[in-house]
Amino acid sequence: MSVLKEGDKAPIFKGPNQDEKNISLDDFKGKKVILYFYPKDNTPGCTAESCNLNENYDILREKGLEVIGVSPDSIASHQKFIAKYSLGFNLIADTEKEILEQYNAWGEKKMYGKTYMGVLRKTFIIDENGVILKIFEKVKTKDHTNQILNELGI
């Protein structure tokens, strides 16, 4: 699997959202997309990141950005997560880790001296033509919106 870089064409993905509707990158042609990968619903860092993006969702949309979250959690888990925090954007249930692997967001992690496979927290900004504008490998979970807007200069 090749490593994605800024300037590359973003892989076309398709997966079920919280409403069991398949959504694809193609559904967002003509819009910039914030595609963020996170390990698990209802965990502290993932909740902080998702809530930060949600609190600023109107601002992001005004600037032409759409938000899509991806994790290996189930549709039912996403439904509870969205209900608990009133999230206004799509979360894709990538239970087979296909999208995670396409975007190099599934890989080796280390914790307490142990190595294991898991979700690598990353965010991709994809332009209106499906090209990767920016990749965030070090996500500021509590201030991700400002991190994105500052980097894009908007």
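Descriptive notes on the structure:
- Val131 passes every criterion in (1) touching a Gly at 6+ places or on another chain (Cβ under 8 Å); (2) over 21 Å from Phe13 (Cα atoms) apart from (2).
- Pairs linking a residue in region 29-56 that is open to solvent by 50 Å² or more (accessible area, probe 1.4 Å) to a residue that is part of a helix (DSSP H, G or I) and hydrophobic (A, V, I, L, M, F, W, C), with Cβ atoms under 7 Å and 6 or more positions apart or on different chains, are Lys40/Cys46; Asn42/Phe81.
- Restricting attention to region 119-139, the residues that are open to solvent by less than 50 Å² (accessible area, probe 1.4 Å), more than 14 Å from the chain's Cα centre (by Cα) and on the phi < 0 side of the Ramachandran plot total 2.
- Some residue of region 72-86 being surrounded by 14 or more Cβ atoms within 10 Å (Cβ to Cβ), at pLDDT 95 or above and among the β-branched types (Val, Ile, Thr): yes
- Residues (in a loop (DSSP other than H, G, I, E, B), among the charged types (D, E, K, R) and under 20 Å from Leu25 (Cα atoms)) located in region 128-154: Glu128
- Which numbered condition Lys142 misses (of (1) open to solvent by less than 50 Å² (accessible area, probe 1.4 Å); (2) in contact with a helix residue (DSSP H, G or I) (Cβ under 6 Å, 6 or more places away or on another chain)): (1)
- Of the residues contained in region 97-104, one or more are found to be more than 12 Å from the chain's Cα centre (by Cα), basic (Lys, Arg), at pLDDT 95 or above and over 25 Å from Glu151 (Cα atoms).
The values are calculated or read from the model by the stated rules, or taken from the named source; none is laboratory data. What you see is a predicted model; the values in this text were computed from it and never measured. Here Cβ is always computed from backbone atoms with ideal geometry, including for glycine, and neighbour counts include all displayed protein chains. Calculation scope for accessible area: heavy atoms of the full protein, side chains included, ligands and nucleic acids excluded. Shrake-Rupley method; radii C 1.70, N 1.55, O 1.52, S 1.80 Å.
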